[in-house]
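One structure below.
The values are calculated or read from the model by the stated rules, or taken from the named source; none is laboratory data. Bear in mind that the values here come from a model prediction, so they are computed numbers and not experimental data. Cβ sites come from the backbone with ideal geometry, for glycine too, and all protein chains shown count toward neighbours. The accessibility values were calculated without ligands, DNA or RNA, using every heavy atom of the protein model including side chains. Shrake-Rupley method; radii C 1.70, N 1.55, O 1.52, S 1.80 Å.
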Amino acid sequence: NAAVIFRAVQVVAFTGLPALVALACAVLGRPLGSALVWIGVGAGLGFIGPRFALDRLVKGRQLRVRWGLADALDLMVVCVEAGLTVDAAMQRVGQELGLAHPALSRELGIAHMETRVGLARSEALKNLGVRTGNAALQSLSAMLIQAERFGTSIAGALRIHAESLRQKRQHAAEELAAK
């Protein structure tokens, strides 16, 4: 229902904001030409505003997922080395990170549920990357699929991937500090 709700908010903002501007112009006694310009500006803001707000929410969620991913991978390495399967490790990591990284915990929980209802692990991992739109999660899912396909050590691959993510995060923090 999210797409329908978004369109409804966009329609309400597109029609409601110009109506409020028109009312304000009438109360303030603006001339008709000036009022039409402000009503047009209100309609434009009403159409663009919800999309802008949604984009900011998406980017914020992707950032929260990216910051928690290195911690999740470290915990996944421990779980896999302790003998858990990748599915069980994803479930356990999702539960353990619920307080510290709720967005990532929710995404891992959704991926685990997809595997429980019968979707192949590779498809669930692909969906995880596509659903979040996060490049780090997309590369993680591709790496896990390849490690499973070629029979390489999943724990070693996870450890290397976590280290590379941690280095990327450190470089990004250094770049921000330099700016």
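Of the residues making up the range 95-152, those that are of a type in the set (Gly, Ala, Ser) and within 20 Å of LEU165 (Cβ to Cβ) number 12.
Each residue in the range 132-152 was checked for being among the charged types (D, E, K, R) and surrounded by 15 or more Cβ atoms within 10 Å (Cβ to Cβ), and 1 pass. Every test in (1) at pLDDT below 90; (2) over 20 Å from VAL58 (Cα atoms); (3) of a type outside the set (Asp, Glu) is passed by ALA82 save one, and that test is (1). Here LEU104 fulfils each of the conditions (1) open to solvent by 10 Å² or more (accessible area, probe 1.4 Å); (2) more than 13 Å from ILE154 (Cα to Cα); (3) at pLDDT 90 or above; (4) not aromatic (Phe, Trp, Tyr) apart from (1). When residues in the range 117-131 are screened for being in a helix (DSSP H, G or I), open to solvent by 70 Å² or more (accessible area, probe 1.4 Å) and free of Cβ contacts under 8 Å to residues at least 24 places away in the same chain, 3 of them pass.
Of the residues GLU114, GLU96, the single one that is among the acidic types (Asp, Glu), open to solvent by less than 60 Å² (accessible area, probe 1.4 Å) and under 21 Å from the mean Cα position of the chain (by Cα) is GLU114.
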